[in-house]
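Encoded as structure tokens, the structure appears first; notes follow it.
The values are calculated or read from the model by the stated rules, or taken from the named source; none is laboratory data. All values reported here derive from a predicted model rather than from experimental measurement. FYI the Cβ positions are ideal-geometry reconstructions off the backbone, even for glycines, and counts take in every protein chain you see. Heavy atoms of the whole protein, side chains included, go into the accessibility calculation; ligands, DNA and RNA do not. Shrake-Rupley method; radii C 1.70, N 1.55, O 1.52, S 1.80 Å.
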Amino acid sequence: MVPGGTSDGSVGSSIHDNLTEESNTFIGRDAELDELRRLVLVTRALTLCGAGGIGKTRLAQRVLAELADDFPDGAWFVEFADLRQPDLVESRIASVVGVTEEPGRPLLETLADVLRPLRVLLVLDNCEHLIDSCARVCQRLLASSPGLRVIATSREPLRVAAEMVWQVPPLSLPSAGAASDEMLRSDAIRLFADRAAAVRPDYSLGSASAPVSSVAAVCRVLDGLPLAIELAAPWVRVLSMEQITARLDDRFRLLNAGERTAPPRQRTLRAAIDWSHDLLTGHEQILLRRLSVFAGWSLEMAEQLCAGPDLAGADILDLLSALADKSLVVVEAEIPGQTRYRMLDTIRVYAASRLDEAGESAMMRRRLRDYSLAETEHLAAMGMAQVRAPWAVNLVTFRRFDVEADNLRQVLGRCIADGDAEIGLRICAAMRPVWIVQGSSAEGTEWFDTFLAMDAAVQPRIRGAALIGRAQLTLASDPVGAVDRANAGLELSRAAGEPVWVSAGLNLLAEAALHAGRADEAADGADEALAVARQAGDRWNEGYALGTRAAAAGHRGNLREAEQLAEAALTVMRDIDQQWGVARTLLGLADLARLTGDHDGAQRRYLEALAILRQLRARPEIARCLAGLGRIAMSQGDLGLAARHLTESIALSQSTGSRIGVIRALDAFAALAVREGRPERAVQLTAAAAALRSAAQLPPAQGSRTQRILDAAADLGDHVVLQLWAAGSVLTSADAVALALDAAPPPGEPTGDEQAGRPADSPPAAPPGMLTAREHEIVALIAGGASNKAIAEKLFIVPSTAARHVANIMKKLGFSSRAQIAAWARAQPGRTGQADQDQR
């Protein structure tokens, strides 16, 4: 399923689990559900409007769960209740869908490009406080994505084109004087009876203790509002129906004398919550209001942050259980070994107002901020092996970041509002490992940039770490900017005496040099990082530096040295039980094994790395690993397995909006097409990849890859190859992926729509220049170990001319060293064989 789909939980595990558990308790809305299902399938945007407490969110969740199978490319639930910054609406949607940002390109455009070819369903919940931004984003996405359907819940319409507004009514109520059988068909009464039976198994609607008429009276007083009914029903454990009715009457009279300007339904809901709140014990009230600071929490968090002189920590478990019994707290399991809790949004808003009235809001926000800072820095220290912990604990660390994401966003948002740049940057620096591993650089980059741009005093050591952390997020997508930030951060970290960040900055600069083809510079930088890390006892950066040093040796053709260094890096990572580092190092060793022709060894290492990466949900490296496995399968002649691996790889890259991942997969699919005897397809895919590289301002692919594709298509004739290249070069990313997956016919002349989706700066519709006959002679001599002087003597040219030929060959083939040219030459079938024989 692309991208994500229901197979990876895109419907939302909590939503799906809740609906599964409550499948027998979702009372009412049956007729509405049928109509809503129909409307979603025929309407581009459907907005569920109404006041709080009438069940908009639950209704939207149910529609989402019921329609998930009708949207093969994914169905997602995006919650906005905790978001207070309108400019982060597209970032929140992208984070849920799994799309990452690219420097220099608006995130909304990347998101639109990912969704354009897909049939997907988005539910945007609680839009009312972000109405303008939600409307703007929906308008853009709907205009460019024919297969997109949007359900929004809000207290007012979005007022966008193609919007259908559905005013969600309260649950049906029996009319006064209705017969008992009519009452029993009432949705409101059925809901009350169901919730009452859940807390009191002997509860029987229609019995002497639960006459239908009394239940109907309670439901009428509550106007059929689901939340109010759910709050009232659990009290049947301790109150008679007459007592419940009497207390409800008291609360409504009190409300009528109070806030007259509130909408009627809001007053009714407030009365129900007030009534429920006043029946709590004093300690339950204290805990309820203090829990409102969390987007979600664990028992340990509640015990640490909510306790005080007026609330003993030892009592919180019992109090929390009591609040759950009263439907004021929802219990939901999130991660192994830890139960999580949350509040319905309306209850949380109400409890927050009580927190304000008690004068405790600032105190609780400060406690959550300090807790979040301490926890993230501790978890990051474990993840980077600065605090030793078994891998099982580290794995839970990553899960903790996932479930605390909403709390952390809330804390970071508060830091922005308070101008607290230093705390914000410390939290961002601690969160960066998860952002990097899971491919969520867009969100991390946005938070980092916001705090770095603030005019606030920040200690140099904090700013230095933040600059290096920010650089780490975008090394692959913005190497120039990453190097600038890393250098600035490195200067600050050196001055502040922060060896961990010094070695991290040096490692980043070494890796950047490696990506730019400067292997000697990369080796020197890695050596310096290695020395700093070892002196500081920083095993993580020691292992990382060894891995970079190994890659530099490989780029220079010293494959034996590269393997030895990579094995040393693997030993370090295994010694500190840092499995993400183990997986990355295994990937490097697998690539080396594949380069030397050890396909079995490469496959073994790829599979070992893949198992770890899947545990971490490290999507960028999963995609890279699968691409490697695809190429191994090709070399072993299992083209079906190769296609499956490459299909999953390109799906992961496409779902995150990673253009480089898609481009690399297209190159692999082109190689597969050659093996399948489809040179026409191979030329088109190679041309599409070249065009997309140019549009993304990425370095060109190795010319050797293009050369092999063109050689395979030589029998087609130059004229046909040029036509195929021209057709492939105008494909959009989505069209190229469809072509690779055999989901679309080979392209013909581009239509107007196809032209509109072309990259802005497409390359010429012809293959890059290939090697001349003289250049092939020089390649063969290089493969034989000849220096520029020896080449000049052999070919009767001056050494400077030989050097220019070598430089041109490197440029055409996309290489950075003579060793790479030699390795490529040895892999070519026969074309340089005669010259190579002459040299020998």
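Residue-wise test of (1) more than 26 Å from T474 (Cβ to Cβ); (2) open to solvent by 30 Å² or more (accessible area, probe 1.4 Å).
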position	(1), (2)
R92	no, no
V123	yes, no
S144	no, no
P170	yes, yes
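I'd like the residue in the range 125-142 that is open to solvent by less than 10 Å² (accessible area, probe 1.4 Å) and assigned to a helix (DSSP H, G or I) and, out of all such residues, is nearest to A734 (Cα to Cα). Only one residue tops the list, namely L141.
When the range 303-343 is filtered for residues that are part of a strand (DSSP E or B), farther than 22 Å from E360 by Cβ and not basic (K, R), the ones remaining, listed by number, are V330, V331, E332, A333, E334, I335, Q338, T339.
Take the range 473-491 and flag every residue that is modelled with pLDDT of 90 or more and open to solvent by 50 Å² or more (accessible area, probe 1.4 Å). Matches in the range 473-491: D484, R485, N487, E491.
Among helices (runs of 4 or more DSSP H) lying entirely in the range 427-539, which contain 1 or more residues that are within 30 Å of Q654 (Cβ to Cβ)? Answer list for the range 427-539: 441-452, 460-473, 479-496, 499-515.
For the range 425-439, the criterion of being more than 19 Å from the chain's Cα centre (by Cα), open to solvent by 50 Å² or more (accessible area, probe 1.4 Å) and either within 22 Å of A618 (Cβ to Cβ) or at pLDDT 85 or above (or both) is met by at least one residue.
A178 meets the conditions (1) crowded, with 19+ Cβ neighbours inside 10 Å; (2) among the hydrophobic types (A, V, I, L, M, F, W, C); (3) under 25 Å from V212 (Cα atoms) in every case but one. The failed one is (1).
Looking only at the range 590-620, residues that are part of a helix (DSSP H, G or I) and touching a residue at least 60 places away in the same chain (Cβ under 8 Å) come to 5 in all. Taking the conditions (1) surrounded by fewer than 22 Cβ atoms within 10 Å (Cβ to Cβ); (2) of a type outside the set (F, W, Y); (3) assigned to a helix (DSSP H, G or I) in turn, D82 satisfies each one other than (3). The residue of the range 784-804 that is least open to solvent (accessible area, probe 1.4 Å), among those that are among the hydroxyl-bearing types (S, T, Y) and over 13 Å from R818 (Cα atoms), is T801. Picking from residues in the range 148-187 that are assigned to a helix (DSSP H, G or I) and touching a Lys or Arg at 6+ places or on another chain (Cβ under 8 Å), the one that is farthest from L115 (Cα to Cα) is L184. Scanning the range 122-175 for residues that are closer than 20 Å to D30 by Cα, modelled with pLDDT of 90 or more and of a type in the set (S, T, N, Q) returns a single hit, T153.
Criterion applied to A689, A643 was being closer than 24 Å to L118 by Cα and either surrounded by 24 or more Cβ atoms within 10 Å (Cβ to Cβ) or free of Cβ contacts under 8 Å to residues at least 24 places away in the same chain (or both), and the one residue passing it is A689. Inspection of the range 359-374 finds no residue satisfying the criterion of being within 22 Å of the chain's Cα centre (by Cα) and open to solvent by 40 Å² or more (accessible area, probe 1.4 Å).
A682 falls short on exactly one of the conditions (1) under 27 Å from D711 (Cβ atoms); (2) of a type outside the set (S, T, N, Q); (3) in contact (Cβ under 8 Å) with a residue 60 or more places away in the chain; (4) open to solvent by less than 20 Å² (accessible area, probe 1.4 Å), and that condition is (3). Could you tell me whether the range 646-659 includes any residue that is open to solvent by 50 Å² or more (accessible area, probe 1.4 Å), among the charged types (D, E, K, R) and part of a loop (DSSP other than H, G, I, E, B)? Taking every residue of the range 646-659 in turn, none turns out to be open to solvent by 50 Å² or more (accessible area, probe 1.4 Å), among the charged types (D, E, K, R) and part of a loop (DSSP other than H, G, I, E, B).
Being modelled with pLDDT under 90, among the charged types (D, E, K, R), under 21 Å from G439 (Cβ atoms) and buried (at least 19 other Cβ atoms within 10 Å of the Cβ) is a condition met by no residue of the range 66-79.
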